[in-house]
Amino acid sequence: MSLRLGDIAPDFEQQSSDGPISFHKWLGDSWGVLFSHPADFTPVCTTELGLTAKLKDEFTKRNVKAIALSVDPVDSHTKWIHDINTTQKTRVNFPILADADRKVAELYDLIHPNASTTATVRSLFVIDPAKKIRLTITYPASTGRNFDEILRVIDSLQLTDSHSVATPGNWKDGDDVVIVPSLQDPELIKKKFPKGYTAVTPYLRLTPQPNKP
Ligand code: BEZ
């Protein structure tokens, strides 16, 4: 069965371009982004991994560790990393799991036989420090993912956890946010949102993003 939001991300031990990885131990207290790609030495994947490397500071700012995966062996990853670094003008600064035996692909349901019987699809999981899966996306092999969108979702999840707010459609950092419907105590609302809020309807209550000056 495929993994669902709120499930604990399965733990595993697997080889990677940075040596053996024990996943939960490697995550530690960080958030994680585990993402699969169809294969090494493919064009879209090369751009995705380059982008991820360039976003290192943005991931670190949010206490997030990134880890990629395909069903290729370590020596293939090592050769491909050289290409990524050269063509994308960056340095791959995160591990790529070498899942040649498909151990992780099976745990995370990354091979969709009606798309390809051999290659992993372009899936991505955001995992919180409690190891819970908070976002899953699956893209087709021919469409590269938008990593700015991944950062946006992580910002939203972290705001929800820290400030009891949700984020509206097309929200971007700095826009007004929504007070979660479960929060009804007027005293608590006043304390949590000293800048006040606008009730567009009783259930749509907008407030300035609380972690901004
Ligand atoms: C790729 O770059 O991974 C890719 C591109 C087109 C079709 C399938 C995969």
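The values are calculated or read from the model by the stated rules, or taken from the named source; none is laboratory data. This is a predicted model, so every value here is computed, not measured. Positions of Cβ are backbone-derived with ideal geometry, glycine not excepted, and every protein chain shown enters the neighbour counts. Only protein heavy atoms, including side chains, enter the accessible area calculation; ligands, DNA and RNA are left aside. Shrake-Rupley method; radii C 1.70, N 1.55, O 1.52, S 1.80 Å.
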Checklist entry - Mind checking which residues of region 25-56 are away from the ligand (no atom under 16 Å from the Cβ), farther than 13 Å from D83 by Cβ and outside any loop (DSSP other than H, G, I, E, B)? => result K25, W26, L27, W31, G32, V33, L34, K54, K56
Checklist entry - Give me the pairs: first residue in region 105-123 and more than 17 Å from R4 (Cβ to Cβ), second residue among the charged types (D, E, K, R) and more than 10 Å from the ligand (Cβ to nearest atom), beta-carbon distance under 6 Å, and six or more apart or on different chains, which are they? => result A105/D99
Checklist entry - Just checking, how many residues over region 22-68 are closer than 17 Å to R134 by Cα and either open to solvent by 20 Å² or more (accessible area, probe 1.4 Å) or among the hydrophobic types (A, V, I, L, M, F, W, C) (or both)? => result 16
Checklist outcome for this item: Of (1) part of a loop (DSSP other than H, G, I, E, B); (2) of a type outside the set (D, E); (3) loosely packed, with under 10 Cβ neighbours inside 10 Å; (4) away from the ligand (no atom under 16 Å from the Cβ), T143 satisfies every one except (4)
Checklist entry - Taking region 113-136 on its own, how many of its residues are within 16 Å of the ligand (Cβ to nearest atom) and either in a strand (DSSP E or B) or among the polar types (S, T, N, Q) (or both)? => result 8
Next on the checklist: Please count how many residues of region 164-188 are buried (at least 17 other Cβ atoms within 10 Å of the Cβ) and at negative phi.
Outcome noted: 6
